[in-house]
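J.: Quick one: the structure is below, and I'll ask about it shortly.
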Amino acid sequence: MVQSLDEAYELLAQDRNNVILGGLLWIKMGRKQYQTGIDLSGLGLNAISETEDSIHIGCMTTLRQMEISPLLLQWFGPLFSDAFKGIVGVQFRNLATLGGSVYSRFGFSDVITALTALDTQVRLYRAGVVTLSKFLNMDQKRDILEKVIIKKQVTQTSFQTLRKSATDFSILSVATSLCKGNWKIAAGARPSMAILAENAAGLLSPEPDEKTIKAALDRVVNELSFGTDQRAGAGYRKLLAGVLVKRGIEAICR
Amino acid sequence: MQITCRINNREFIREIEPDLLLIDFVRSLGFKSVKRGCDTSNCGLCTVWVDEKPVLSCSVLAARVNHRIVTTLEGLEEEAKAVGRFLAKEGAEQCGFCSPGLIMNILAMKKEFKTPTTDDIKQYLAGNLCRCSGYESQLRAIEKYFDLEGKNQ
Amino acid sequence: MKTVNQGIEKIDAMSLLTGKAVYTDDLALENCLVVKVLRSPHAFAKIKDIDLTDAMKIEGMECILTYRDVPNKRFTMAGQSYPEPSPYDRLILDRMVRYVGDPMAIAAGTSEKAVDKALKLIHVSYDLLDPVLDPDKALDHKSIIHPEADYHVNGDIGNEVKRNLCASGEFSAGDVENEFSRCCVIVDRVYHTKANNQAMMETHRSFSYPDHAGRLVICSSTQIPFHVRRIAATALDIPKSRIRVIKPKVGGGFGAKQTLVSELFPALVTMKTGKPAKMVFDRSETFTASTSRHEMKIRVRIGADKAGHILAIQMDTLSNTGAYGEHGPTTVGLSGHKAMSLYNRAKAVQFTYKVVYTNTMSAGAYRGYGATQGTFALESAVNELSDLLSMDPLQLRLKNILKSGDTVAAYYGETINSCPLPACIQKGREMIGWDRKFPFRKISPTRIRAVGAAIAMQGSGIPDIDRASARVEVQEGGFYTLMIGAADMGTGCDTILAQMAAESLGCDMDKIVVSSVDTDASPYDTGSYASSTTYVTGMAVVKACEELKRKIEAKGIYPALSASATHSSPVSPPPFMAGFSEIEMDLETGETKVVEFVGVVDCGTPINPSLARVQTEGGIVQGIGMALYEDISYNPKGKMTRDSFMQYKIPSRLDVGRVRVEFESSYEPTGPFGAKSIGEVVINTPSPAIAHAIHNAAGIYLRKLPMTAETIFMTLKEQKTAWPSVLKN
């Protein structure tokens, strides 16, 4: 266990086989053998706090903490509890950390899908504060994800997903949000990583009529790419995207 | 490396390998209620509490419980019997291999919910797999247990 | 009755529920060598050489064994009575590897870390062979999976191993073609069920050690302790008297443990080193290197006259036994016989089958044992037939099913003593609200609820083959010890058999002590499989208790007074079940959930209604998993693609709606206290009942399992049949 982020980074830089430990869930399953596991548990990075204009969530915060956080509920509605409740089970979510989930950039990540629909930044030890989407598309340089920062503004949200069974990975996940008249539509588990359907969202007015929604849905399926994996084919995912986005928009408009 | 921790109200100071998992640590100390059912953190059989929170002991490094409090079913004998009697009455334990992890999580749920709804129960215990029972008898037992607990309060 | 037909708690319940150390791994000796297996990465190959030099340099390694170190005697790992119908097609380690996961070397060392390291340093070179992965192309494939000269079969099973044909056969009664010519409607379809994993929570594991007399003790999580003793003796080439098998508490089996899986690896290590050794399969090994349900493709032809009398049934099954023939020749039989027998009014029936080898993991025993696959096929076809006849599917069944007193040609000529199937159907119909809900109800513009039904039967033990003994002895203080060889795997048979003993002897349950199985001490029993324990072992217990009672009456009661009895049944009376599903389908996504499942079961007298209920609920939920998403598949190189609970999802408690179970009990005169079996019949109805409900919701017939949201949606989209009209309703 390290005493500071400086120390953690030093260790990380020393050896390619050193690794930052999150909840350990994914690291344990991988085949890779690591030299030293760097534990950030002692750095107080496991809290959700607020400043005047944003909410800061430390990288060691567990998914369960976020799921039951009154603060997150107050600003973003039940987005995180809806998004996380299908992730294996309570015991798993008591271990899985936000930092681990985001840093791993897994395509199936419901965590990333939910965060993508908000005004989200991440703070990295070396690269500093960058937007979530920039982080997700950055070259994977070795760095430490210190915390996630979400702009504090009342946002209406909806999380839609389809799974083969209740605690399986999503076949497709869609997070939709409306904040100060602006829509965001994020689709993840396509099966590649969550991404914003910006053009489609741009078509939507604060109170879109049926025709506008229809136009946005057509745009969504054309603007995003879908692939095939064990869980579903690209064709099905594409059709599903239209349905889940429609439901997300409708849930917010209702 | 050396760690110090409290397990079931007893202090343990042990020399361990840094990559030792908590499940193997507690089993090596004789707490055999803790079972392993998978390699991918999916089954819930190995549930123990660390600082009173239910976690998967297959996915926690023993090194990380240094100076922390660990509870296994052996440390909750009376509570386990109280829940167990309801499960036994329904025949819900069947092979029993998932029972310790399930009861650990039922008792954790009890700390968060006084009177959980059926949905609360299903949601909270979703990470506890069982292949024998089909869950229905477990649900009957758990609802009866919470009914009685509710009346006792 | 005082104890029989009472929902008594299991005698081991509180020890299991408080987490006592009672399972194999909890009891293993501390100083066991850790045993692991190096497995083939190739689907079909011949080992050129295995180089152990680097691996044996690792500190702590005790031995690494290869094909050079094993007895050259072929055997089968199937837990069946001798002479086994399964072919002798295995060695403990073979030079030829036949699926991804086949063992190539057994490594034993003092720590897991040392063994893991050593496994990585074993160098193997191969001659790669062209694998056979598609069961449709297996017959007469240019690759012969078992070319070995010492391949052996015990009897005529229709085996032609050089054609990759493990078994084949046929059965017929009456003239089917003649009857088909009189039919006005005929359904002729192929149904496809996939391999499934039994997925019991305790993976395969065993440990072994030499005892004081130099005999080999194998302690294993198994359903078949006595078969393990015999098969291990053959495989290790030592006398059976040199082996003792102990079975502790078992964390679930469902058939997976009716085959030897982990036992021989530590046993061989103990034999070679004289040291205790232990092997615990991880979950991935349990998926990829044990046995699964047999994948089957079943063609059903079924025809009826205008009035809905079923005149002819023809079934043809292609079963995929994988790389080895464990349970291959026997499971396939049930796919026909235990389905067709339901429709005993049919004038003619015909059943033909082929079982083929492929380079995939060996199939084996899984609850239902072929009847599950056959029931999906035939019950789906009957539902399609009802559609063509425009007849209520329940009415069609009531018209054609077997009745008490029937002699059933397709059921090996047995006469049925007890069949309350019509009552099961009627009760289930009321419970699910069939008349209100059939075929479907629209509950929102995009959601529809629909119901479906199926019936099923199974057997109770294997007639004239399953054999059980029981011994009951008076002890000081007036209690009894009950010695049995049947293997409780969580099902509660120790309790159920004690209930029968208490009832027979007229004492309380706490006066009966039941021992766990130890082949040195327990009386012989073929094991817990084929739905045999309550019916066959139960009868042995009743006979022994009756005998003891006679002795007590004649001589008075005193310690050491004992009685033994053996039982084998000439018949296998079928339990019956009617299953009803109500599903909710999301028409925009195809997502389909089981809202409610109703099962009405006849198991004769339920000896313990609570445990019988839980057996039924558990079987139904396994069946729901099979119907909707459980699926063993292989990539083009023959590697299994779902080998964990992360990828192979079994139902969680969020995935099943309500499951409601009732009994419609008959009295089976040949069973103990009128009992038949229950363990297997309960998994057979969910797949066809859910497929039926999907049809009633959306107008599509899905004939391949699993029926995922994607399949449902894409089929709807392609067919565009009833979907729009359904929406208009």
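The values are calculated or read from the model by the stated rules, or taken from the named source; none is laboratory data. Owing to the predicted nature of the structure, the values given are computational and were not obtained by experimental measurement. Note that each Cβ is placed from the backbone with ideal geometry, even for glycine, and that neighbours are counted across all protein chains shown. The protein model used for the area step is the full one, side chains on, heavy atoms only, and it has no ligands, DNA or RNA in it. Shrake-Rupley method; radii C 1.70, N 1.55, O 1.52, S 1.80 Å.
J.: State, as an integer percentage, the relative contact order of segment C:66-220 based on alpha-carbon contacts under 8 Å between residues 6 or more apart.
T.: Once divided by the residue count of segment C:66-220, the mean separation gives 16 percent.
J.: Where in chain A are the DSSP H helices whose C-alpha atoms run 15 Å or more along the long axis and whose mean Kyte hydropathy is at least 0.5?
T.: A:234-253
J.: Along the Cα-to-C-beta direction of C:Arg299, a point sits 7 Å from the Cα; which residues of segment C:329-369 have their amide N less than 15 Å from that point?
T.: Within reach of a label on C:Arg299: C:350-355.
J.: Separate question: Can you tell me the 0 to 90 degree angle between the C-alpha axis of helix B:77-90 and the longest principal axis of chain B, rounded to 10?
T.: So the helix axis and the longest Cα principal axis differ by about 40 degrees.
J.: Only residues of segment B:64-103 count here: report those whose backbone N is under 14 Å from the spot 7 Å along Cα→Cβ of B:Ile13, or say none.
T.: The answer is B:67.
J.: Could you grab the relative contact order for chain A? Cα pairs under 8 Å, six or more apart, rounded to a whole percent.
T.: 16
J.: If you don't mind, another one. For a quick size check, give me the Cα extents of segment B:1-127 along its three principal axes, largest first, whole Å.
T.: Computed over segment B:1-127, the largest-to-smallest principal extents equal 45, 28, 23 Å.
J.: How much length would be gained if the chain were fully extended between C:Lys306 and C:His123, taking 0.36 nm per residue of separation minus their Cα-Cα distance, in nm to one decimal?
T.: That pair, C:Lys306 and C:His123, stretches by 59.1 nm at full extension.
J.: Related question: Strictly greater than 18 Å: what percent of every Cα pair in segment A:37-169 meets that?
T.: Pairs farther apart than 18 Å: 52 percent.
J.: Then there is this: Suppose only helical runs count, i.e. DSSP H with n ≥ 4. What mean residue ellipticity at 222 nm does that imply for chain C under -39500 (n - 2.57) per run, divided by all residues and rounded to the nearest 500 deg cm²/dmol?
T.: -8000 deg cm²/dmol
J.: Now, a different point. Under 18 Å from a label point 7 Å along Cα→Cβ of A:Asp139: give me every residue in segment A:173-194 with its amide N that close.
T.: The answer is none.
J.: Provide the FRET efficiency to the nearest 0.05 for the C:Lys2-A:Ser104 pair, computing r from the beta carbons and using R0 = 60 Å.
T.: In this case the efficiency is close to 0.50.
J.: Residues with beta-carbon under 15 Å from that of C:Ser418, excluding C:Ser418: net charge, scoring Lys, Arg +1 and Asp, Glu -1?
T.: -3
J.: At 7 Å along Cα-to-Cβ for each site, give me the label-to-label distance between A:Thr51 and C:Asn31 in nm.
T.: 6.3
J.: Let me ask something else about it. Can you flag which of A:Lys85/B:Lys110; C:Lys297/C:Lys639; B:Lys53/B:Lys144; A:Lys246/B:Lys111 are past 28 Å Cα-Cα?
T.: On the way: A:Lys85/B:Lys110 18 Å; C:Lys297/C:Lys639 21 Å; B:Lys53/B:Lys144 24 Å; A:Lys246/B:Lys111 39 Å.
Beyond 28 Å between Cα atoms: A:Lys246/B:Lys111.
J.: Could you list log10 I(q)/I(0) for segment A:144-222 at q = 0.14, 0.17, 0.26 Å⁻¹, which the Debye formula gives when each Cα is one point scatterer?
T.: -0.56, -0.79, -1.24
J.: Provide the three semi-axes, in whole Å and in decreasing order, of the ellipsoid equivalent to chain A as defined by the square roots of 5 times the Cα gyration tensor eigenvalues.
T.: Working from the Cα gyration tensor, I get semi-axes of 31, 20, 16 Å.
J.: Still on this structure, I have one more. Send over the Kirkwood Rh of the protein assembly as shown, from the inverse of the averaged 1/r over different Cα pairs, rounded to one decimal Å.
T.: Computed over Cα pairs of the protein assembly as shown, the Kirkwood hydrodynamic radius comes out at 30.9 Å.
J.: Can you pull out the buried accessible area for chains C and B, both sides counted, probe 1.4 Å, rounded to the nearest 100 Å²?
T.: Buried: approximately 4200 Å² between B and C.
J.: What nm value, rounded to one decimal, do you get for the distance between C:Ala21 and C:Lys549 when each label is placed 7 Å out toward the C-beta?
T.: For the pair C:Ala21/C:Lys549, the computed spacing is 4.2 nm.
J.: Using 1/(1 + (r/R0)^6) with R0 = 60 angstrom and r between the beta carbons of C:Ile144 and C:Thr446, what's the FRET efficiency to the nearest 0.05? Write down the numbers at each step before the final one.
T.: Working: r = 53 Å, r/R0 = 0.89.
In this case the efficiency is close to 0.65.
J.: Students often get this wrong, so check it: of C:Lys194/C:Lys649; B:Lys114/C:Lys20; A:Lys28/C:Lys649; C:Lys113/C:Lys240, which have C-alpha atoms separated by over 25 Å? Write out the running numbers ahead of the final one.
T.: On the way: C:Lys194/C:Lys649 14 Å; B:Lys114/C:Lys20 28 Å; A:Lys28/C:Lys649 20 Å; C:Lys113/C:Lys240 34 Å.
Beyond 25 Å between Cα atoms: B:Lys114/C:Lys20; C:Lys113/C:Lys240.
J.: On to the next question. Would you mind counting up the charge near A:Tyr9? Only other residues with Cβ under 11 Å from its Cβ, with Lys and Arg at +1 and Asp and Glu at -1.
T.: Details: positive: A:Arg126, A:Arg142; negative: A:Asp6, A:Glu7, A:Glu10, A:Asp143, A:Glu146.
Taking every Cβ under 11 Å from that of A:Tyr9, the sum is -3.
J.: Pop a pseudo-label 7 angstrom from the Cα along the beta-carbon direction at both B:Phe113 and C:Ala560 and give the gap in nm to one decimal.
T.: 5.9
J.: Tilt of helix B:99-112 relative to the longest C-alpha principal axis of chain B, in degrees (0 to 90, nearest 10)?
T.: 80
J.: Given the -39500 (n - 2.57) contribution per DSSP H run of 4+ residues, what per-residue ellipticity at 222 nm results for chain A, rounded to the nearest 500 deg cm²/dmol?
T.: Here the helix-only value at 222 nm equals -10000 deg cm²/dmol.
J.: How much accessible area per residue does chain A have, counting only protein heavy atoms and a probe of 1.4 Å, in square angstrom?
T.: With the other protein chains kept in place, chain A gives 42 Å² per residue.
J.: Hey, what did chain B get for relative contact order, percent, Cα under 8 Å, at least 6 apart?
T.: That works out to 24 percent.
J.: Mind checking the log10 I(q)/I(0) for segment B:2-72 at q = 0.19, 0.22 Å⁻¹? Debye, one equal scatterer per Cα, no solvent, two decimals.
T.: -0.66, -0.90
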